[in-house]
Amino acid sequence: MTTQANDDWWRDAVVYQVYPRSFADGDGDGTGDLQGVRGKLPYLRELGVDAIWLSPFYTSPLADGGYDVADYRDVDPRFGTLADFDAMASDAHALGIRVIVDLVPNHSSDLHVWFQQALAAAPGSPERERYMFRDGLGETGELPPNDWESIFGGRAWTRVPDGQWYLHLFAPEQPDLNWENPEVRTEFHGVLRFWLDRGVDGFRIDVAHGMIKAEGLPSVGRTSDDGGRQVEMLGSEPLPYFDQDGVHDIYREWRPILDEYPGGRMAVAEAWVDSPERLARYIGRDELHQAFNFDFMMAEFDAESFRTIIDKSLAEADLVGAPTTWVLSNHDKFRHVTRYGDGVIGLRRARAATLLMLSLPGSAYLYNGEELGLNEVLDLPDELREDPSFKRTGESRDGCRVPLPWGGTLEEGFRFNPDGQGTPWLPQPAKWESLTAQAQESDPESTLNFYRAALRLRRELPALGGGKVQWIDSPEGVLAFRRDPGVVVVTNIADRPVTLAELGLSGTPLLTSSPVPTPGTLPADTTLWLLG
Ligand code: BGC
């Protein structure tokens, strides 16, 4: 953290996303768990992160990797116990690492006791009112209530034996909760308090733009059968099931709860909306603290796109009155090494983009394994893929969820309990042998040591974190800007080396994303931090 007051810690924090199932395996059964996270806290401390964000570890049948919660107040036995959570959070705090948990309010698991009660109850019952049950259209109700499509492909409605249909914007195992029902709201106030009382520092709000649906549930008027999948409209055109004005009432109820607790408890929204103005509405003194900005992640590896997005994001931050967030990889997208070309070139570019990201004002979210330079695993056997969208659309997010390689050999890699019998729940590629954390430890040029150096400098230099970006004139393909006091950042994405002399720059190099063979000359696909 830099100079921010304690309650504002999140404004320029580096937050490390832990995907618990794949991060570290404490009991040797091949699945990551909270004991595993606890065991790796010293590693995270040395890496230099300010906070961890844990993807869901709650009781769940894992129909969507845990984003289908069966009990919001307990830990799935595969991930440990509440006592394991407490021990992990307490150790994290002792090491100065904050803990953010994922909250999934738009839908529960179909195995949640409420949904099981709803299925057993009659149409129109209070049990059904906790979810979005409707009668169907057509003579016998044989048609779904409208044309809404699931984000994971196919229609967003499933019919139950008595003829009614229930809404699921994601998989059928993820029924949407009815947020017009006060009982649902009260329940989630209790869930927030449950985790706040256990000491969590914040929440990542899953599908924060969901929950409230347009009155009357009007059809979109376009489906995969005619104009392309509805999900393609997400983030660019209004949809009747996302970003409805009523969702803000929910956050206005949540904010006073967060504010009751000391120490700067925060919430970050995962909100896909169609304009900066709409995004701004989620942020502020009476709603959430920040929202993910996915534009940087979605951009091509290209100087012009990066510059446009940096300018747009900073302008949006001014509009919302909160620093923006930066992210290059997460559990839903191909890892950035692979997006940028994979192999040596992909890694080189990924490191350049990372160093660029870490120099920008605002908070930065890292995804577990990116500090090892991991690539997307593209050749997983189909039968091992678990992403619910894979069966429906052929698109799979499993390749970025392969367990992390820790040990010197892949054999011992994921389990750090030497007596453990399990093998990782998804197979690690043989070429990760050279990318294990242990293998990278002693190599000064390794991606792990590069991340450590970047995060250390970011903590030490007051110029990085908050503040402004002042662009410096530069040739095509080169981004150069000043961060006061005293840091200049240059990213060369041109197809030739550039000299600092031609940019009119001088100073002491602090860090480069890849080795620089000729001092004063920045090779292509490289970022430099310069003291000057
Ligand atoms: C999460 C996904 C999840 C979906 C449904 C997204 O925001 O990041 O991993 O599949 O919500 O909960």
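Every number in this text was worked out from the coordinates using simple rules, so none of it is lab data. Fair warning: this is a prediction, and the values are worked out from it, not measured in the lab. A quick note on method: Cβ atoms are made from the backbone with ideal geometry, for glycine too, and the neighbour counts reach across all protein chains shown.
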When the chain is fully extended, how far beyond the present Cα-Cα distance does GLU237 get from ASP86, taking 0.36 nm per residue of separation?
50.1 nm
Mind listing which GluC sites (Glu not before Pro) in the stretch 255-318 are in a DSSP loop and have 12 or fewer other Cβ atoms within 10 Å?
GLU300
Order by protection proxy (mean Cβ within 10 Å, highest first), peptides 306-312, 452-458:
452-458, 306-312
First select every other residue whose beta carbon is under 13 angstrom from the beta carbon of SER434; then total the charges, Lys and Arg +1, Asp and Glu -1.
-3
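Compute the FRET efficiency between LEU137 and GLU460 as 1/(1 + (r/R0)^6), taking r as their Cβ-Cβ distance and R0 = 41 Å, and round to the nearest 0.05. Don't jump to the answer; show the numbers that get you there.
Working: r = 63 Å, r/R0 = 1.53.
FRET efficiency, LEU137 to GLU460: 0.05.
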If you count, for each residue, the other Cβ atoms within 10 Å and average over each peptide, how do 443-450, 36-43 line up from highest to lowest?
36-43, 443-450
Using Cα centres only, tell me the gap between the stretch 69-95 and the stretch 159-218 in whole Å.
22
Quick one: if you stick a label point 7 Å off each Cα along the C-beta vector at ASN6 and LEU217, how many nm between them?
4.8
List, in order, the whole-Hz ³J(HN,Hα) value for each residue of the stretch 524-530 obtained from phi through the Karplus relation with A = 6.51, B = -1.76, C = 1.60 and θ = phi - 60°; use x for Gly and Pro.
4, 6, 9, 10, 10, 9, 10
Check: C-alpha center the stretch 452-507 vs C-alpha center the stretch 327-403, spacing in Å is 25
If I model a spin label as a point 7 Å beyond the Cα along the Cα-Cβ vector, how far apart are those points for ARG452 and ASP162 in nm?
6.1
Full-extension gain in nm, VAL516 to ASP259, via 0.36 nm per residue minus C-alpha separation
87.7 nm
Going through the cross-link list LYS40/LYS431; LYS213/LYS391; LYS40/LYS312, which pairs have a Cα-Cα distance over 31 Å in this structure?
LYS40/LYS312
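Test of understanding: what is the full-extension gain from ASP443 to ASP311, defined as 0.36 nm times their sequence separation minus their Cα-Cα distance?
43.9 nm
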When a/c is below 1.5 the answer is rounded, else prolate if a/b is larger than b/c, else oblate, so apply that to the chain with a ≥ b ≥ c taken from the square roots of the Cα gyration tensor eigenvalues.
prolate
Using helices alone, what [θ] at 222 nm do you get for the chain, with -39,500 (n - 2.57) per DSSP H run of 4 or more residues, divided over all residues and rounded to the nearest 500?
-7500 deg cm²/dmol
Hydrodynamic radius by Kirkwood for the stretch 107-176, inverse mean 1/r across distinct Cα pairs, in Å, is 12.0
In Hz, Karplus ³J(HN,Hα) per residue of the stretch 179-188 (6.51, -1.76, 1.60; θ = phi - 60°; x = Gly, Pro):
7, 7, 8, x, 5, 5, 4, 4, 4, 6
May I ask you to evaluate 6.51 cos²θ - 1.76 cosθ + 1.60, the Karplus curve with θ = phi - 60°, for each residue of the stretch 321-337 and list the ³J(HN,Hα) values in order in whole Hz, giving x for glycine and proline?
x, 9, x, 7, 10, 10, 8, 10, 9, 7, 7, 10, 10, 4, 4, 5, 4
Suppose each label sits 7 Å from its Cα in the direction of the beta carbon; what would the SER506-SER275 distance come out to in nanometres?
4.9
For the stretch 12-141, what relative contact order do you get, as a whole percent, if you take Cα pairs closer than 8 Å and at least 6 residues apart?
21
Got the relative contact order for the chain handy, in percent, Cα pairs under 8 Å and 6 or more residues apart?
15
